[in-house]
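Data first, discussion second: the structure below is written as structure tokens.
The values are calculated or read from the model by the stated rules, or taken from the named source; none is laboratory data. Quick caveat: nothing in here was measured; it's all calculated off a predicted structure. Methodologically, a virtual Cβ is constructed for each residue, glycine included, from the backbone with ideal geometry; neighbour enumeration extends over all protein chains shown. To get the accessible areas, we keep the full protein, side chains included, count just its heavy atoms, and leave off ligands, DNA and RNA. Shrake-Rupley method; radii C 1.70, N 1.55, O 1.52, S 1.80 Å.
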Amino acid sequence: MALKVSLATWDHDRVAAIHDGRIGVPGLEIDGHILPTTKLFPIAVQEARFDVTELSVSSYVLQVSRGTSAYTAIPVFVSRAFRHSGFFGRVGSGVSGPADLAGRTVGVPEYQMTAALWMRGILADDYGVDLSTIRWRTGALDEGVRRERLELELPPGMVVEPITEGETLQELLLAGQIDGLLAPKPPSAFLQGNPEICRLVPDYEQVEGEYHRRTGFFPIMHLIAVRKSLVAEHRWLPLALFEAFRAARDLAIGRLREVWLGSANRLSLPWLGASMERTLETMGPNYWPYGFGANRAELAAICRYSRAQYLAAREVAPEELFDPSMLTS
């Protein structure tokens, strides 16, 4: 009899084949759930409702450091994103580049979110910013309400202050109450052409390409994790899931290649071909790597950032994040 497990992720093309049954997991019956990560991640870290779940890497490292995670991970990185495009400022504020955020008040939806973890790491490593000089405001970017999904344990004197419910970080930036934003997506006012909001790295695509060539990193945002109690009972489970997710990724990338090289553009993106050519030129054919070995250096940077930014309660080694059967992947 197949083992029935619940699976929850967002609707990434890299996992679609598992949700729709094109790729099965031998020995498993999948009860799939597709949820936006703003809803899924609080469920994952506060309730551990699903047997297999997509997780914020930053929140996961934090819980591993505290010994409170119900999950162990497999090196399937379903979300990755370069983040230089997410630094925003206000025209005329004196903030014209990321280095100018030193000593300022900066907004971010959640202090612990993985996008912010990477962006603060980039500020420190690449722009020489002393993060201890920044005052942080947290809350909704441009609509709704946003709260930290896990309680923070910060040192005395460090300022991470939620904004008032009903306010947004975008409004505070435009009003001059904060000086910059670390945003996982462009604020709506920027997309609508508001001339008061500016990107602090306007040539971000070129800068991100150079960053990748220099570091080898394509910043990991989310991974897949499995309930520890299930793994203890079914030791074959991590490898079976890893192989299925890898096959689903390969199917998605193969499909994207077919669309790109097709005689008619089936994707509603005018410069798909140019984007694919730049990606392959900069990153090579294996531009979305899974597995522990190929990603260890990047995972070590994540762990270092988490400790330095007062998220992880202790130093965490990348090996601690994954089931032991995955360390040779």
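General observations
- Within the stretch 314-329, being open to solvent by less than 70 Å² (accessible area, probe 1.4 Å) and either in contact with an Asp or Glu (Cβ under 7 Å, 6 or more places away or on another chain) or in a loop (DSSP other than H, G, I, E, B) (or both) holds for V316, A317, D323, L327, S329.
- Scope the stretch 183-211; condition open to solvent by less than 30 Å² (accessible area, probe 1.4 Å) and closer than 13 Å to A81 by Cβ; matching residues: A183, E208, Y211
- Some residue of the stretch 246-253 being of a type in the set (K, R) and buried (at least 16 other Cβ atoms within 10 Å of the Cβ): yes
- Residue in the stretch 24-44 that is farther than 19 Å from T114 by Cβ and without any contact (Cβ under 8 Å) to a residue 24 or more places away in the chain present: no
- Single condition A124 does not satisfy, out of (1) among the small types (G, A, S); (2) in contact with a Pro (Cβ under 6 Å, 6 or more places away or on another chain); (3) within 16 Å of Y310 (Cβ to Cβ): (2)
- Residue satisfying condition, being touching a strand residue (DSSP E or B) at 6+ places or on another chain (Cβ under 6 Å) and either buried (at least 16 other Cβ atoms within 10 Å of the Cβ) or in contact (Cβ under 8 Å) with a residue 12 or more places away in the chain (or both), within set L223, L311, L299: L223
- Applying the condition of being assigned to a loop (DSSP other than H, G, I, E, B) and open to solvent by less than 50 Å² (accessible area, probe 1.4 Å) to the stretch 259-293 and asking which residue is farthest from E210 (Cα to Cα) yields G262.
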